[in-house]
Amino acid sequence: MSRFFFALQRLPGKATVVLVLAVWLLAHPYVGIFHDGVLYAGQALAMVYPDIYRNDLFIQFGYQGGFTLFTRGYASLIQWMGLSPATKLLTFAVQISYALALIALLRRYGAAVLVITVCLIMALPMHYGGWHIFVVGEGFLTARPIAEFLVIFGIGALLARKIWVASVLMLAAATMHPLMALPGLILCHLLIATWLPWRKRLLWLLLPVLALSALILAHKPPFDHPLLQYDHDWLLATQMSNAAVFLANWPEHDWMRVCWQLLTLGLSLALPGMDETFRRMIKVYLPVCVLALLAAYLATDLFHNVLLTSLQLWRATWLAQLLAVVALACMFAHDGPARVQWQLTALLLVFAAFLIWSVYYFYPVMVLAVALALWPRPVRFPPRVAFALTALLAFCVLCGYVAGLSAQSANMLAIFNQAYFKYFTAFSGASLAALVLLGMLPLLLARRKGLRYLMLSLLVCISLTAWDHRPPWIRVADTAAGNNPFDRLVPHHATVYWATATPLTWLTMNRSGYALGHTAAATLFSRDFAMGSTPRLRLAQDFETPYRECLDKAAETGQRCVFNQKILDDFCHADSTLDFVITEAKTTRAPLQSWQIPLPGRIKEQYLYACKQ
């Protein structure tokens with residue numbers, strides 16, 4: 001293994017950059033407007049078409065576009081080239097920038113650390129927070145990955161002692177997504193403080209306190225009511241729609257992931273020969289992460305403080321996850337007398353990362369990793385013993401990966417519908433990309449430049465052509481805005497409910513949505529939205545239950561689903577603000593319009609019904 005990592009250091013610089021960029025795109029395919037990307041797309045559309053979305057409850061009360069510059073840039077691009085092309089272009093630019101940020105951060109440590117880090121990011125489950133909702137370096141378009149790569153660029157500048165550059169990059173990240181940038185800002189501020197003399201250090205540490213006090217005194221949102229608490233109804237609505245924000249709701253494997261992050265960072269402090277600036281960064285960030293989780297629990301679960309709950313301080317774990325992976329790469333690439341000991345420790349930690357879904361095996365493996373890393377004297381293994389242990393652990397890692405992948409897939413399949421499950425299988429696709437990266441290394445190390453450039457060109461072509469990975473239905477939905485048979489029949493000011501998991505009311509119809517499940521996250525920030533959206537979501541659920549039962553029965557029997565018209569009439573009459581309903585199944589009454597969409601192997605049908613005739 002040591003020879004392999006030594007060979008990695010001889011990788012040509014430009015070829016390594018191209019390889020990392022190509023494989024990163026292969027591991028982060030374009031899946032369309034997905035997850036929280038829907039919210040950013042909706043807010044950008046509301047900026048472009050304010051008259052259309054003036055009746056949308058989320059735009060009225062849950063709108064968060066004022067806290068990010070990303071939405072404005074997104075809206076300008078949509079106005080110029082349309083929603084689908086703008087999203088695709090921005091997603092591509094963000095993914096390339098993310099890979100470049102990692103290259104800028106890790107180039108000082110050599111090609112070995114860079115390649116290993118990228119492989120680990122693509123192969124390991126990179127979730128953070130509760131309920132595996134968020135991922136470091138997510139593949140769809142939101143402001144989060146933009147803030148992340150700006151923070152990563154800033155950390156690279158910090159490691160180079162470029163204080164002003166790092167500060168500007170962290171502030172730029174805050175203009176994209178303040179919650180994601182906050183851990184980077186705190187890390188930057190505290191690390192700079194450690195480089196200052198004592199008198200200047202105290203003044204420097206007081207600066208954020210003074211700035212926060214000024215915002216509170218000036219009544220600048222969201223600091224205008226710092227002591228505001230959730231009342232009973234608002235708290236219930238928030239707990240139903242944002243359960244992952246409350247740390248008491250996190251399942252055990254989420255806390256196991258936090259344990260893995262903190263222990264990996266802690267063990268890396270004992271690694272001989274580690275860059276001193278990076279070591280100091282970890283020393284600063286470890287207590288920050290622990291205190292952020294403690295503060296999040298106290299503010300959210302015990303005191304129900306609106307401001308601190310909205311800040312979601314548990315998001316500090318995203319940076320802990322990234323730094324832990326970089327620390328793992330440093331362990332693998334360690335070239336001192338105890339290199340076998342640290343490489344085996346790193347293999348144990350990787351094994352444990354895949355065992356997070358298994359309570360019974362995770363803790364013993366972590367105990368072994370801690371014992372091996374902190375053994376009082378350097379552990380020296382005979383070459384054959386070292387090879388045997390490495391091979392055994394590598395096999396265990398592979399088995400752990402398969403077990404973790406199975407648990408991950410089953411869990412995601414239970415939560416998300418089949419159309420979007422394709423995104424989460426990128427977990428296996430990312431590992432495939434990591435294997436491709438490792439498989440390409442011998443060619444990059446080859447002395448024949450012609451063969452090397454040929455294989456790199458082939459990989460780049462494959463990455464670019466295979467990058468658009470949208471399912472056929474999502475591809476149609478992304479490109480049908482203003483070009484579908486429903487558009488001319490639905491007035492621009494109408495409110496529409498489209499009975500599908502995808503919020504096509506925004507993305508395809510470009511109309512105000514009646515009840516969109518994706519927007520429920522806004523209950524965390526706005527009481528008006530929580531009180532307005534909760535009754536709508538309940539009515540939608542009452543309609544969806546028999547509707548979904550009809551669709552499921554039709555799928556089992558192979559017959560067409562025709563559900564009772566009274567169910568639709570009751571839904572329409574329950575709320576006078578609802579104008580149109582679009583379903584995948586017919587009722588006993590003829591629809592206002594139908595839309596037959598040809599897909600591979602089948603015809604997908606959608607039906608438009610007017611609530612007010």
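Quick check on segment 267-275. Is at least one of its residues free of Cβ contacts under 8 Å to residues at least 60 places away in the same chain and either surrounded by fewer than 12 Cβ atoms within 10 Å (Cβ to Cβ) or in a helix (DSSP H, G or I) (or both)? Looking for residues that are free of Cβ contacts under 8 Å to residues at least 60 places away in the same chain and either surrounded by fewer than 12 Cβ atoms within 10 Å (Cβ to Cβ) or in a helix (DSSP H, G or I) (or both), one finds none in segment 267-275, hence no.
Yes or no, residue by residue, for (1) in contact (Cβ under 8 Å) with a residue 40 or more places away in the chain; (2) over 28 Å from Pro222 (Cα atoms):
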{"site": "Ala41", "(1), (2)": "yes, no"}
{"site": "Met47", "(1), (2)": "no, no"}
{"site": "Asp56", "(1), (2)": "yes, no"}
{"site": "Ile59", "(1), (2)": "yes, no"}
{"site": "Gln64", "(1), (2)": "yes, no"}
{"site": "Gly73", "(1), (2)": "no, no"}
{"site": "Phe92", "(1), (2)": "yes, yes"}
{"site": "Ala111", "(1), (2)": "yes, yes"}
{"site": "Leu114", "(1), (2)": "yes, yes"}
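Among the residues of segment 172-186, are any assigned by the TED database to the domain that holds Val135, without any contact (Cβ under 8 Å) to a residue 12 or more places away in the chain and either part of a helix (DSSP H, G or I) or within 30 Å of the chain's Cα centre (by Cα) (or both)? No, that holds for no residue.
Scanning segment 331-341 for residues that are open to solvent by less than 20 Å² (accessible area, probe 1.4 Å) and aliphatic (A, V, I, L, M), we see that the one that is farthest from Ile282 (Cα to Cα) is Ala338.
Just one of the listed residues (Ala515, Ala494, Ala477) is surrounded by 22 or more Cβ atoms within 10 Å (Cβ to Cβ), within 17 Å of Ile582 (Cα to Cα) and in contact with a Phe, Trp or Tyr (Cβ under 8 Å, 6 or more places away or on another chain), and it is Ala515.
With respect to (1) closer than 28 Å to Ala244 by Cα; (2) of a type outside the set (Lys, Arg); (3) modelled with pLDDT under 80; (4) open to solvent by 60 Å² or more (accessible area, probe 1.4 Å), the lone exception for Pro378 is condition (1).
Which residue, of Leu344, Leu328, Leu372, is closer than 14 Å to Trp260 by Cβ and either in contact (Cβ under 8 Å) with a residue 12 or more places away in the chain or open to solvent by less than 40 Å² (accessible area, probe 1.4 Å) (or both)?
Working: Leu344 fails: closer than 14 Å to Trp260 by Cβ; Leu372 fails: closer than 14 Å to Trp260 by Cβ.
Criteria check complete, one pass: Leu328.
Residues in segment 115-149 that are open to solvent by 10 Å² or more (accessible area, probe 1.4 Å) and in a helix (DSSP H, G or I): Ile116, Cys119, Leu120, Ile121, Ala123, Ile146, Phe149.
Any idea which residue in segment 248-257 is farthest from Ile163 (Cα to Cα), counting only those that are open to solvent by less than 10 Å² (accessible area, probe 1.4 Å) and not acidic (Asp, Glu)? The residue in question is Met256.
Yes or no: Leu454 loosely packed, with under 14 Cβ neighbours inside 10 Å and part of a helix (DSSP H, G or I)? Spell out how you get there, then give the answer.
Details: loosely packed, with under 14 Cβ neighbours inside 10 Å: yes; part of a helix (DSSP H, G or I): yes.
Taking the combined requirement at face value, the residue satisfies it.
Candidates in segment 57-73 are the residues that are assigned to a loop (DSSP other than H, G, I, E, B) and at pLDDT below 90; of these, the one that is least open to solvent (accessible area, probe 1.4 Å) is Gln64.
Just checking, does segment 332-341 include any residue being within 30 Å of Phe149 (Cα to Cα) and at pLDDT 90 or above? Checked segment 332-341: no residue is within 30 Å of Phe149 (Cα to Cα) and at pLDDT 90 or above.
Taking the criterion of being in a helix (DSSP H, G or I), open to solvent by less than 10 Å² (accessible area, probe 1.4 Å) and either modelled with pLDDT under 85 or not assigned by the TED database to the domain that holds Gly137 (or both), the residues of segment 24-42 that qualify are Ala27, Gly37, Val38, Ala41, Gly42. Look at (1) open to solvent by 10 Å² or more (accessible area, probe 1.4 Å); (2) at pLDDT 85 or above; (3) over 22 Å from Thr175 (Cα atoms); (4) within 11 Å of the chain's Cα centre (by Cα) and you find that Arg108 fails only one, number (4). The residues on offer are Cys550, Cys572, Cys561, and the sole one that is open to solvent by less than 50 Å² (accessible area, probe 1.4 Å) and at pLDDT 90 or above is Cys572. When the test is whether a residue is in a helix (DSSP H, G or I) and in contact with a helix residue (DSSP H, G or I) (Cβ under 8 Å, 6 or more places away or on another chain), Ala522 passes it.
Inspect segment 312-325 for any residue being open to solvent by 30 Å² or more (accessible area, probe 1.4 Å) and assigned to a loop (DSSP other than H, G, I, E, B) and give the result as yes or no.
First pass over segment 312-325, keeping only residues open to solvent by 30 Å² or more (accessible area, probe 1.4 Å): 313.
Now drop any that are not assigned to a loop (DSSP other than H, G, I, E, B), which leaves none.
No, segment 312-325 has no match at all.
Counting just the residues of segment 520-537 that are under 23 Å from Phe223 (Cα atoms) and hydroxyl-bearing (Ser, Thr, Tyr), which one comes out surrounded by the most Cβ atoms within 10 Å (Cβ to Cβ)? Among residues in segment 520-537 that are under 23 Å from Phe223 (Cα atoms) and hydroxyl-bearing (Ser, Thr, Tyr), the one surrounded by the most Cβ atoms within 10 Å (Cβ to Cβ) is Thr523. In segment 224-242, the qualifying residues are those that are open to solvent by less than 50 Å² (accessible area, probe 1.4 Å) and modelled with pLDDT of 90 or more, and the one that is nearest to Gln541 (Cα to Cα) is Ala237.
With respect to the conditions (1) in the same structural domain as Ala172 (by the TED database); (2) at pLDDT 90 or above, Val115 lacks only one, and its number is (2).
Considering every residue within segment 195-213, establish whether at least one is among the β-branched types (Val, Ile, Thr) and open to solvent by 60 Å² or more (accessible area, probe 1.4 Å). Let's see the steps before the verdict.
Step one: of segment 195-213, the residues among the β-branched types (Val, Ile, Thr) are 209.
Pick out the ones that are also open to solvent by 60 Å² or more (accessible area, probe 1.4 Å) and you get 209.
Checked segment 195-213: at least one residue is among the β-branched types (Val, Ile, Thr) and open to solvent by 60 Å² or more (accessible area, probe 1.4 Å).
The residues listed here are Ile78, Ile52; of these, the one that is of a type in the set (Val, Ile, Thr) and either buried (at least 22 other Cβ atoms within 10 Å of the Cβ) or in a loop (DSSP other than H, G, I, E, B) (or both) is Ile52.
Taken together, the residues in segment 85-102 that are touching a Leu at 6+ places or on another chain (Cβ under 8 Å), closer than 27 Å to Thr277 by Cβ and surrounded by 21 or more Cβ atoms within 10 Å (Cβ to Cβ) amount to 3. In segment 206-228, the residues that are assigned by the TED database to the domain that holds Leu196 form Cβ pairs under 9 Å with partners that are at pLDDT below 90 and among the charged types (D, E, K, R), at six or more places apart or across chains, as follows: Ala214/Lys220; Leu215/Asp224; Ile216/Asp224; Ala218/Asp224.
Scan segment 17-41 for residues that are under 28 Å from Arg536 (Cα atoms), touching an Asp or Glu at 6+ places or on another chain (Cβ under 8 Å) and not aliphatic (A, V, I, L, M) and jot them down. Let's see the steps before the verdict.
Just the residues of segment 17-41 that are under 28 Å from Arg536 (Cα atoms), to begin with: 32-41.
Remaining after also requiring touching an Asp or Glu at 6+ places or on another chain (Cβ under 8 Å): 32-33, 35.
Correct list: Gly32, His35.
Ile582 satisfies every condition listed in (1) β-branched (Val, Ile, Thr); (2) within 18 Å of Pro491 (Cα to Cα); (3) surrounded by fewer than 15 Cβ atoms within 10 Å (Cβ to Cβ) except (3).
The values are calculated or read from the model by the stated rules, or taken from the named source; none is laboratory data. None of these values were measured; they are calculated from a predicted model. With ideal geometry, Cβ positions are generated from the backbone for all residues, glycine too; neighbour counts draw on all protein chains shown. Note: areas computed on protein heavy atoms with side chains; ligands, DNA, RNA excluded. Shrake-Rupley method; radii C 1.70, N 1.55, O 1.52, S 1.80 Å.
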